[in-house]
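Coordinate-derived values only; no laboratory data. Nothing here was measured: the structure is a model prediction, and the numbers come from that model. Neighbour counts run over all protein chains shown; Cβ positions are idealised from the backbone, glycine included.
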There are 2 protein chains.
Amino acid sequence: MMENRAIQDSYADELSHCYGCGRLNTHGLGLKSYSDGEETAAVFEPRHYHTAVPGFVYGGLIASLFDCHGTGSAAIAACRVRKLAPGKDPVPRFVTASLKVDYLRPTPLGGQLQLRGRIKEQKGRKVVVSMTLSAGGRVTARAELVAVAMPEGMLLQR
Amino acid sequence: MMENRAIQDSYADELSHCYGCGRLNTHGLGLKSYSDGEETAAVFEPRHYHTAVPGFVYGGLIASLFDCHGTGSAAIAACRVRKLAPGKDPVPRFVTASLKVDYLRPTPLGGQLQLRGRIKEQKGRKVVVSMTLSAGGRVTARAELVAVAMPEGMLLQR
């Protein structure tokens, strides 16, 4: 069953400024990722200007959605393993070490896109997430993302 | 020597609506890629809200810059091989088949980022481009992009 609280809404305030999914970034995309059984899920409706060529979704936006859904899925996976309750316990924050996107066919612009994530590997600070993006029930892109627990220095360096 | 006309400014009007680099997309990033000797080059200054965590550039934006600089580099490479003069001859338009980004270290936010591209393989309709992204002279991310000539159907499907 799909959880009713997005993992991004449980990130600490200082980790919630991401352009793709931070609830405190007022300019951003605001992607929200949910636990859904053994998988993870998110939906996103591109804006009219998120075009590659007219009628199709910009590939960089697709990579962005995979980026945030991937790190969100890694956080969900870490909570599952450590038996953390998002919203009560602090949620571990992941960053992207690598992202590979395969654009299988043009993604039509107009309406909601569906993202699905599956944990392929989880070992120490590293989580590998496989994802699909679908439009109207048809998979248009696939991705694999290697997430690593955010180095503490990323906040200390401020 | 660096050309003084961006390849994106030579795309046909109907192919110039890309969110990342289309001159007719008023909401977009407006990336511009240039031929530079045997390589390709672009610069981009992220906006203050293009954050991952405060102080660092959003990974999805980095993927977007690689996406557009990669397809732009493929177009530049195609013009070189076919001896086309951008601005006079029609410029071939490429789309991304796959994009792999390795985030080597956090990219500091504030100031210009430099993109460099190099043609790794060029065969028929396919061009493989290797790229780096640097901040303050230090490479923070690498990418490899497989570009293919845009299928004609992408415009005909409108």
Report summary line: For residue A:126, the lysines lying under 27 Å Cα to Cα, once residues fewer than eight places off in the same chain are dropped, come out as A:32, A:83, A:88, A:100, B:100
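Over the alpha-carbon set of the protein assembly as shown, divide Rg by the Kirkwood Rh and report the Rg/Rh ratio to two decimals.
Numbers: Rg = 19.0 Å, Rh = 19.6 Å.
Answer for the protein assembly as shown: 0.97.
What relative contact order, as a whole-number percentage, does the stretch A:109-158 give when Cα pairs under 8 Å and 6 or more residues apart are counted?
Details: 71 pairs, mean separation 14.5, N = 50.
RCO, the stretch A:109-158: 29 percent.
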Requested in this report: In nm to one decimal, list the spacings between the residue B:43 label point and its equivalents in the other copies, with label points set 7 Å along Cα to Cβ, shortest first.
Outcome: 4.4
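With the cut-off at 16 Å, report for the stretch A:52-114 the share of all Cα pairs above it, as a whole percent.
Details: 1090 of 1953 pairs.
Cα-Cα pairs of the stretch A:52-114 separated by over 16 Å account for 56 percent.
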Query raised in the report: What dipole magnitude, in Debye to the nearest 20, does the protein assembly as shown give about its Cα centre under +1 on Lys/Arg Cβ and -1 on Asp/Glu Cβ?
Result: 500
Report summary line: With 0.36 nm assigned to each residue of separation and the Cα-Cα distance removed, residue A:49 to residue A:36 gains 1.7 nm
Query raised in the report: Per q in 0.14 1/Å, what log10 I(q)/I(0) does a Debye calculation on the alpha-carbon atoms of chain B return?
Result: -0.65
Query raised in the report: So how long is each side of the stretch B:1-79 along the principal axes, counting just the alpha-carbon atoms, biggest first, in Å?
Result: 40, 28, 17
Report summary line: Copies of residue B:114 compared via label points 7 Å along Cα→Cβ give distances in nm, shortest first, of 4.6
Query raised in the report: Where does helix B:59-82 land angle-wise versus the long Cα axis of chain B, in degrees 0 to 90, nearest 10?
Result: 30
Query - For residue B:3, label point 7 Å along C-beta direction: distances to other copies, nm - result: 4.9
Query raised in the report: Separation of the stretch A:71-125 and the stretch B:102-158 by C-alpha centroid, Å?
Result: 24
Report summary line: Mean separation of Cα contacts under 8 Å (at least 6 apart) over the residue count of chain A, i.e. the relative contact order in percent, is 22
Report summary line: Counted neighbours (other Cβ, 10 Å), sorted fewest up, put A:58, B:34 in the order B:34, A:58
